[in-house]
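Q: So that we are looking at the same thing, I have put the structure below in structure tokens.
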Amino acid sequence: MLFALIATLVAMGSARIKAASVGDRAGGDYGDLSAQLRAELLPGVDNPLAPFQLSLGAGPEDVRRVIPIEARGYLKVDQNVYLHSVVQVPAADGEPVNASAGLTLLDGDLYFRDGGTLVDASLLLQANDGKLRAIEHFDSLLGEPDFEVVLPGALDFVVGWRTPRGFLLATFGDLPVFRVSAFVDDSDELLTGSQVLLFEGLSHYSRRLAAGESPNDAREELDRLLAWVRMARSLIKPGR
């Protein structure tokens, strides 16, 4: 019962926010366009993991050719199963894992649907050349971000990029260490759907601030959304 409630909230919330946020970025109401047409309208490449020479939809062996990973077990939510793998840091030769230009990979969790295709990745990175250079690097590959916003009640700065094949969220604090999350555009499963809802909620919050609303007025909806996301993620348990 709880899973059905959360899944419904994720699906309804994502559908409610999504069309507006895509249209805002492209300069029109493009929420119902196909991924191919969106790729022509929106700048940047279609793969949110392009800055790391990885790709959503890749298999474990494909990922292992780029970065060292180790399978840790399976996670299950309702009828959906994911292989959870972690980044092996340092690499087998003892060297740091270079994730991209000016970035060192410190840690990471990757989730493969049914053990086969990468649908969600969370990477902890060090920006060796500074956070601004890291953002510029992402911009050069993915285009202009969908939003940039400071989280209420925190010093975290979140930047989000939308691509035809998925999303990238980068969260920066005071330190040169930051986290990115990349995930497919799929609201039908709780693991990815909760991430999509988080992205859309942050994008909507950013637009409300840009329209002149006070952070206090816009915060209530965002806090409620964050609570939904936390509840949804708490349902992900070990198992197969």
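The values are calculated or read from the model by the stated rules, or taken from the named source; none is laboratory data. Everything numeric here is computed off the predicted structure, so don't read it as measured data. Quick reminder, even Gly has a Cβ in these numbers, built from the backbone with ideal geometry, and neighbours come from all protein chains shown. These area figures cover heavy atoms from the full protein model, side chains too; ligands, DNA and RNA do not enter into them. Shrake-Rupley method; radii C 1.70, N 1.55, O 1.52, S 1.80 Å.
Q: Restricting attention to the range 203-240, and to residues there that are hydroxyl-bearing (Ser, Thr, Tyr) and under 19 Å from the mean Cα position of the chain (by Cα), which single residue is nearest to Asn80 (Cα to Cα)?
A: Within the range 203-240, the match that is nearest to Asn80 (Cα to Cα) is Ser234.
Q: Could you tell me which residue of the range 76-104 is surrounded by the most Cβ atoms within 10 Å (Cβ to Cβ), considering only residues that are among the hydrophobic types (A, V, I, L, M, F, W, C) and at pLDDT 90 or above?
A: Filtering the range 76-104 for residues that are among the hydrophobic types (A, V, I, L, M, F, W, C) and at pLDDT 90 or above, the one surrounded by the most Cβ atoms within 10 Å (Cβ to Cβ) comes out as Val87.
Q: How about the range 182-216: which of its residues are open to solvent by less than 10 Å² (accessible area, probe 1.4 Å) and of a type in the set (Asp, Glu)?
A: Result: Glu200, single match.
Q: Out of Asp114, Asp146, which single residue is under 30 Å from Asn216 (Cα atoms) and at pLDDT 90 or above?
A: Asp146
Q: Just one of (1) closer than 15 Å to Ala50 by Cα; (2) open to solvent by 20 Å² or more (accessible area, probe 1.4 Å); (3) of a type in the set (A, V, I, L, M, F, W, C) trips up Ala121, so point out which.
A: (2)
Q: Give the residue, chosen from Leu235, Leu197, Leu190, that is at pLDDT below 85, within 25 Å of Thr117 (Cβ to Cβ) and not basic (Lys, Arg).
A: It is Leu235.
Q: Please find, among Arg179, Arg230, Arg219, the residue that is within 23 Å of Leu124 (Cβ to Cβ), part of a helix (DSSP H, G or I) and open to solvent by 70 Å² or more (accessible area, probe 1.4 Å).
A: Exactly one residue qualifies, and that residue is Arg230.
Q: Only one of (1) crowded, with 19+ Cβ neighbours inside 10 Å; (2) in a strand (DSSP E or B); (3) touching a residue at least 40 places away in the same chain (Cβ under 8 Å) fails for Leu169. Which number is that?
A: Going through (1) crowded, with 19+ Cβ neighbours inside 10 Å; (2) in a strand (DSSP E or B); (3) touching a residue at least 40 places away in the same chain (Cβ under 8 Å) one by one, Leu169 breaks only (3).
Q: In the list Pro238, Pro152, which residue meets the criterion of being touching a Leu at 6+ places or on another chain (Cβ under 9 Å) and open to solvent by 40 Å² or more (accessible area, probe 1.4 Å)?
A: Selected residue: Pro238, the only one of Pro238, Pro152 that is touching a Leu at 6+ places or on another chain (Cβ under 9 Å) and open to solvent by 40 Å² or more (accessible area, probe 1.4 Å).
Q: Here are some conditions: (1) at pLDDT 90 or above; (2) surrounded by fewer than 18 Cβ atoms within 10 Å (Cβ to Cβ); (3) under 15 Å from Leu168 (Cβ atoms). Ser140 meets all but one. Which one does it not meet?
A: Among (1) at pLDDT 90 or above; (2) surrounded by fewer than 18 Cβ atoms within 10 Å (Cβ to Cβ); (3) under 15 Å from Leu168 (Cβ atoms), Ser140 violates only (1).
Q: Here is a follow-up. Counting only residues that are over 16 Å from Asn47 (Cβ atoms) and either in a strand (DSSP E or B) or touching a residue at least 40 places away in the same chain (Cβ under 8 Å) (or both), how many does the range 122-150 have?
A: Selection size over the range 122-150: 14.
Q: List pairs: first residue in the range 193-214 and among the charged types (D, E, K, R), second residue open to solvent by less than 50 Å² (accessible area, probe 1.4 Å) and outside any loop (DSSP other than H, G, I, E, B) anywhere in the structure, Cβ distance under 7 angstrom, at least six positions apart or on different chains.
A: Listed by first residue and then by second, the contacts come to Glu200/Ser14; Glu200/Ile17; Glu200/Lys18; Glu200/Ser21; Arg208/Ala218.
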